[in-house]
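What follows is a single structure, written as structure tokens, with notes after it.
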Amino acid sequence: MSAQTLLHSLFKYKAWANEELFAKIATIDPDTLQSERCAAIRLLNHVYVVDQIFSAHLSGVRHEYSGTNTPETPSFAELKSAVAKSDSWYIEYVGKTSPEILKEEIRFTFVDGALGCMSREEILAHVATHGDYHRGAVGRILPTASVEPFTVYLHKESPRRLARLSDSAGKPK
């Protein structure tokens, strides 16, 4: 599997996981579980901001952020929409960027002023894994709000993989 194929798969998963997570967060009562819902939104806003900072680096444009989160907390609907748009951007970016370009190094400045240099592949891997880390933190909030977590990506995304694991009797090989 090429790096591009793997990254494309990771960003498709990221989009699915974000969609599922926002659906779960939507079930948290904002009145009785305000702190849990706000904590989840703040974590996902941080992921979104970091995603936007790195998409700016990948695009060669300046970003507007002075930190890795915003002082104000966006509304749930605003953040959900922005994240979906960002996820689509990353899927498209990875899908159309050649393997040669993915190896290209980019020099940039972190929001704390430190200088950075990463290949496009490294940036994309960082964005994918960084989001996973924080979605996991949100996943720990869900049970405290009586919301069931989700773990069925392969069942939904690639049922043919599961079918290959079973023989004709339906037992794992």
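Taking a point 7 Å from the Cα of S59 along the Cα-to-Cβ direction, the residues of segment 90-134 with backbone N closer than 14 Å to it are 90-94. Spatially close Lys pairs in the chain, defined by Cα atoms under 22 Å apart and a spacing of eight or more places or different chains, total 20.
For I106, the amide hydrogen comes within under 5 Å of the amide hydrogens of M118, S119, R120, counting only partners 5 or more places away or on other chains and with H modelled in the peptide plane. log10 I(q)/I(0), Debye, Cα-only segment 1-43, no solvent, q = 0.30 Å⁻¹? The computed values of log10 I(q)/I(0) come out as -0.97. Counting only DSSP H runs of at least 4 residues, each contributing -39500 (n - 2.57), and dividing by the residue count of the chain, the helix-based mean residue ellipticity at 222 nm comes to -20500 deg cm²/dmol.
Here is the tail figure for segment 1-104: Cα pairs spaced more than 21 Å apart come to 41 percent of all pairs. Take the Cα of Y133, step 7 Å toward its Cβ, do the same at S98, and the gap between the two points is 3.3 nm. Peptide packing: for 125-131, 32-38, the average count of neighbouring Cβ atoms within 10 Å per residue gives the ranking 125-131, 32-38, highest mean first.
Every number in this text was worked out from the coordinates using simple rules, so none of it is lab data. Quick caveat, the model's predicted, so the values are computed rather than measured. Positions of Cβ are generated from backbone atoms using ideal geometry, with glycine treated the same way; all protein chains shown enter the neighbour counts.
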